[in-house]
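I have placed the structure first, in the form of structure tokens, so that the comments after it can refer back to it.
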Amino acid sequence: MNKLGIEMARSQVAYSVDDALSIAEELGYPVVLRPAYTMGGAGGGLVYNRDELRTVCARGLQASLIHQVLVEESILGWEELELEVVRDKDNNMITVCFIENVDPVGVHTGDSFCTAPMLTIDEDLQKKLQEQSYRIVEHIGVIGGTNVQFAHDPKSGRVVVIEINPRTSRSSALASKATGFPIALVSAKLATGLTLKDLPCGKYGTLDKYVPDGDYVVVKFARWAFEKFKGVNDHLGTQMRAVGEVMSIGKNYKEAFQKAIRSLEKDRYGLGFVKNFHELSKEKLLSKLVVPNSERYFIMYEALRKGATADEIFALTSVKHYFINQMKELVEEEEALLRGPLTSKALIQAKKDGFSDKYLSEILGVSEDEIRHKREALGVVETWDAVHVSGTQDSAYYYSTYNAPDNDPVSTERPKIMILGGGPNRIGQGIEFDYCCVHAAKSLRELGFETIIVNCNPETVSTDYDTSDKLYFEPLTLEDVLSIYHKEKPVGVIAQFGGQTPLNLAADLKANGVRILGTQPEVIDLAEDRDQFRLMMDKLGIPMPESGMATTVEEAIQIAGEIGYPVMVRPSYVLGGRGMEVVYDDDSMKDYMQAAVGVTPDRPILIARTHMYLQSWSTLSWPVSIPVTPHALFPPDISPRTIWRPSKSTRARSRRKCML
């Protein structure tokens, strides 16, 4: 970078904690520690004093393959900007996407809320970033895709390069889906010796003429799962904490932003009335904005409702005034809707600004059906526009809007089947759903059906343009899926390959006239609803642990007292054991039941006897031989005899095999 005359944040390399301490004294605290050869910010962090540096630096040196840590001046609060660049062997270069992080420097890009294109950055600065990116990529000699990240200080005008990824990255997947430019596919072709001039494109002629020229706004919003990890602070910093993400497309920022929120699978269909934030004072809400966390924008929304100014929020978050004011306008519109009445004009504008049917029904206290029927009577329905896929003649995928005429041709040549994807698939769980959706599409194609996939995750194969015959990049909500169903008129919808998200939709879809193929919602309920499942096991004569259903703290404590602690508590319709815990006493049960309302608000919680130290078999064969001394199954202070020789009154029950 020095050779190219491109500025970086002031920094020095350290190979020991003592080196790092000396460098930090010279640079001045706070400083950022960046271990070499790590991903997602692993091992690094922002430190404010010597004690924090000792801890984080030791961790970073251990995480680095070459035991090297970069000690860098803090540029906390600067604008974070990204360019996705593609270069071929003949040094032809194009910029696929300009990405603006709404969250400033200090929050890892994997956690950052961001937009494409850049909405607040002037053309001169974008050209400067592009020129520097090209010089970097040319000098290094990357062939294919490169992600280049910059920081910009609006006060001083300084621009520094933060890092480059000479490979496809998480941002590359976002840039690909946001623009319709298949970076990995093109990079693979360039690696074989082809050039951008050799790759035809129906829209541009050849790819060397490509420019990002979409007439839409893309929003990426991260998906976190802090609720799964007790004791982990909900704090966003230089280490990535997101476990997935959603991408939404709209004709304006407000539409795309609100669409992203309802894509998250957090039982949130808008920005307001999340948790108890609306009950807090303005001062309390502002105090919660000091440290970035996963609820930041929901807190900002309620702070604006309580009268916080854009200046006050900017001072705490460094989120630019444009994005705060856009949110403020949504708050003001929502407050007008709450004052009522819901006029036709107000409903039309709300839909143009991204308010979902479900959220309007929640804040106005009416049914979602009522909102839908009212807007449909006004002729206010979702229309669709296309994202052209670069490097193809005329391939495209589609997104909904309430702000443009329809541009979505419908084929009637073959019978169609719609497959509902997995939504914001989470790292560690979700690949299996994407795999199932992809292979379902392939199999249905072989059977002669036209396949339609609906999904909202930019990181998945199911949202590749050529996985299905037609892709809708949309939230998996009743409003959005129902609109596509009415548009395409498929033979039916398959809901069982995308995990919990489409399963939870199945019953409402069927109630609205959608034909569900394969496993029916009633059967799904038997398996997913804990109460129905328990009754079914009783009817079949298959033993289960003693259990009861509770909807209140008092019921839960009574049932647990009758069964005896510890007990297993299980919500209905959850994935990956979400909300499932072993509870040991009344106090813990109170805490659990108060938190569980957000897990399955419409269904009771199953409270069952726990068999913590018994072996679990995933088999239907019987008998199963039990080892005499299965020491591996027991904690060191508990012998097998403790489990297998219970008191006489419970011996028969404890020895039986149960359906867990």
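The values are calculated or read from the model by the stated rules, or taken from the named source; none is laboratory data. The structure presented is a predicted model; accordingly, all values stated were derived computationally and were not measured. Here the Cβ positions follow ideal geometry from the backbone for every residue, glycine too, while neighbour counts run over all protein chains shown. These area figures cover heavy atoms from the full protein model, side chains too; ligands, DNA and RNA do not enter into them. Shrake-Rupley method; radii C 1.70, N 1.55, O 1.52, S 1.80 Å.
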Arrange the peptides 313-325, 263-275, 534-546 so that the one whose residues have, on average, the most other Cβ atoms within 10 Å appears first. 263-275, 313-325, 534-546
Counting only DSSP beta bridges with both residues in region 412-479, what percent are antiparallel, rounded to the nearest 5? 10
Given a Förster distance of 56 Å, the FRET efficiency implied by the Cβ-Cβ spacing of ARG135 and THR55, rounded to the nearest 0.05, works out to 0.90
Hey, with R₀ at 56 Å, roughly what FRET efficiency would LYS282 and ALA184 work out to, going by the Cβ-Cβ distance, to 0.05? 0.75
Suppose each label sits 7 Å from its Cα in the direction of the beta carbon; what would the LYS306-TYR322 distance come out to in nanometres? 2.9
Which aspartates and glutamates have a Cα lying under 17 Å from the Cα of LYS282, excluding residues fewer than 8 positions away in the same chain? GLU295, GLU302, ASP311, GLU312, GLU332, GLU335
Rounding to the nearest 20 debye, state how big the charge dipole of region 493-579 is about its Cα centre with +1 on each Lys and Arg Cβ and -1 on each Asp and Glu Cβ. 380
Listed residues SER281, SER361 arranged by accessible area, highest first, probe 1.4 Å: SER281, SER361
Mark the label point 7 Å from the Cα of MET536 along Cα→Cβ and return the residues of region 479-521 whose backbone N is within less than 14 Å of it. 519-521
Modelled label-to-label distance, GLU227 and SER411, 7 Å Cα→beta-carbon offset: nm? 4.0
Per-selection Rg to Rh, region 157-208 - Cα, Kirkwood hydrodynamic radius: 1.07
If only Cα atoms are counted, what is the Rg of the chain, and what is its Dmax, in Å? 27.2, 83
Where CYS436, CYS97 fall by accessible area, highest first, once all protein chains stay in place (1.4 Å): CYS436, CYS97
Can you give the FRET efficiency for GLU376 and TYR48, using 1/(1 + (r/R0)^6), R0 = 56 Å, r = Cβ-Cβ distance, to the nearest 0.05? 0.50
When ligands, DNA and RNA are left out and all protein chains stay put, how many square angstrom of accessible area per residue does the chain have with a 1.4 Å probe? 45
Taking the Cα centre of the chain as origin, work out the dipole magnitude from +1 charges on Lys and Arg Cβ and -1 charges on Asp and Glu Cβ, in debye rounded to 20. 1820
Using the crude model of +1 on Lys and Arg Cβ and -1 on Asp and Glu Cβ, and no other charge, please compute the dipole size for region 36-142 relative to its Cα centre, in debye to 20. 520
Only Cα pairs under 8 Å and at least 6 apart count here; give the relative contact order of the chain as a rounded whole percent. 9
Give me the percent of the accessible area of the chain that comes from carbon and sulfur atoms, probe 1.4 Å, all protein chains in place. 52
Where does region 337-491 land on Rg/Rh, using Cα atoms and the Kirkwood Rh? 1.01
Segment LEU194-ILE66, extension gain: residue separation times 0.36 nm, minus the distance between their alpha carbons: 42.6 nm
